[in-house]
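This report refers to the structure that appears directly beneath it.
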Ligand SMILES: C[S@@+](CC[C@H](N)C(=O)[O-])C[C@H]1O[C@@H](n2cnc3c(N)ncnc32)[C@H](O)[C@@H]1O
């Protein structure tokens, strides 16, 4: 009955060292709902005269909002060297060049030139897969002044058992993970919270979680679905997908597990934040009473 992936050998590369391309960055830019959540959170949090870091800055968008909110200085820290000129030119075009300082480096390791009042970092995806949000915030939190704030401030991740559509275009495609839900995906359990991360608090980038889920109908679980919600700033919450944010991550199990309604199952998840979902070790077992 146990289903556990062996593909989860320890990552032999540094997961914090993968930059986005200019193609990827457009997806975040042209998602007005995502941008509106972040803009409101930044205007609520940044006070005139603040020093701010925007880690994983991309086009410099969030850093520019911080500058518009009155920040004295905004360090726009970005791993992809191509974006440094983009950030500088965007700042200039918007008359914000006296406040914005573009820095090239890995935000999970970079030592800032001074302490900051606000740490902004949106390199988020379901379960913290793919992007090193935990490593970046874990490192840069050291540069936060007492009473400083982080945007977003809280993220909650949930796991549920599903029967996922495993064919597409007439082919079996049930190995790779996906962030798109398909018409043939059916829930088989309630979602259960497995990771609640307040970005002001220390957190381990190695996720090692064990939770109980209750079956909602009978069927074969061939995948888990990871979903999340976010608090961007106090009172600014989101729990439904926008174009780019809050999409689920569906990860197939090596072997399906038979699920019965009203039965409890213990789901274990073990992976390194920032790594691919294919490295995630997943266990599903009937819960012992
Ligand atoms: C999801 S995009 C967000 C861009 C921008 N903050 C926004 O909200 O529009 C993530 C950005 O973080 C950058 N990034 C990823 N890992 C990084 C790291 N370790 N250090 C610095 N930048 C990183 C990527 O290259 C990309 O530009």
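Every number here is computed from the coordinates shown, using simple stated rules; none is lab data. Keep in mind the model is a prediction, meaning the values are calculated, not measured. Here the Cβ is made from the backbone with ideal geometry for all residues, glycine too, and neighbour counts use every protein chain on show.
Considering every Cα-Cα pair within the chain, what fraction, in whole percent, is farther apart than 29 Å?
On the way: 15091 of 41616 pairs.
Cα-Cα pairs of the chain separated by over 29 Å account for 36 percent.
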Degrees separating the helix 32-45 axis from the principal Cα axis of the chain, which is the longest one: 60 degrees
Cα-based helix-to-principal-axis angle, 82-93 vs the chain, degrees rounded to 10: 50 degrees
Spin-label model distance (nm) - residue 208 vs residue 29, 7 Å beyond Cα toward Cβ: 4.2 nm
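Taking every DSSP beta bridge with both residues inside the chain, roughly what % is antiparallel (nearest 5)?
Bridges in the chain are about 70 percent antiparallel.
With a cut-off of 8 Å between alpha carbons and a minimum separation of six or more residues, what is the relative contact order of the chain in percent?
Values: 713 pairs, mean separation 65.6, N = 289.
Computed value for the chain: 23 percent relative contact order.
What are the semi-axes of the equivalent ellipsoid for segment 22-151, taken as the square roots of 5 times the Cα gyration tensor eigenvalues, largest first, in whole Å?
Values: eigenvalues 68, 63, 46 Å².
Equivalent-ellipsoid dimensions as semi-axes: 18, 18, 15 Å.
So what's segment 205-264 giving for Rg/Rh, alpha carbon basis, Kirkwood Rh from the mean inverse pair distance? It would help to have the intermediate numbers written out before the result.
Working: Rg = 15.0 Å, Rh = 14.1 Å.
That ratio is 1.06, to two decimals.
Rounded if a/c is under 1.5, else prolate if a/b is larger than b/c, else oblate: which is segment 154-286, with a ≥ b ≥ c the root eigenvalues of its Cα gyration tensor?
Prolate shape, in that a/c is at least 1.5 and a/b is the bigger ratio.
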How would 117, 201 line up from fewest to most surrounding beta-carbon atoms within 10 angstrom? 201, 117
List 169, 194, 75, 13 from most exposed to least, where exposure is judged by having the fewest other Cβ atoms within 10 Å. 169, 13, 194, 75
Quick check: Cα centre of segment 239-264 to Cα centre of segment 59-123, how many Å? 35 Å
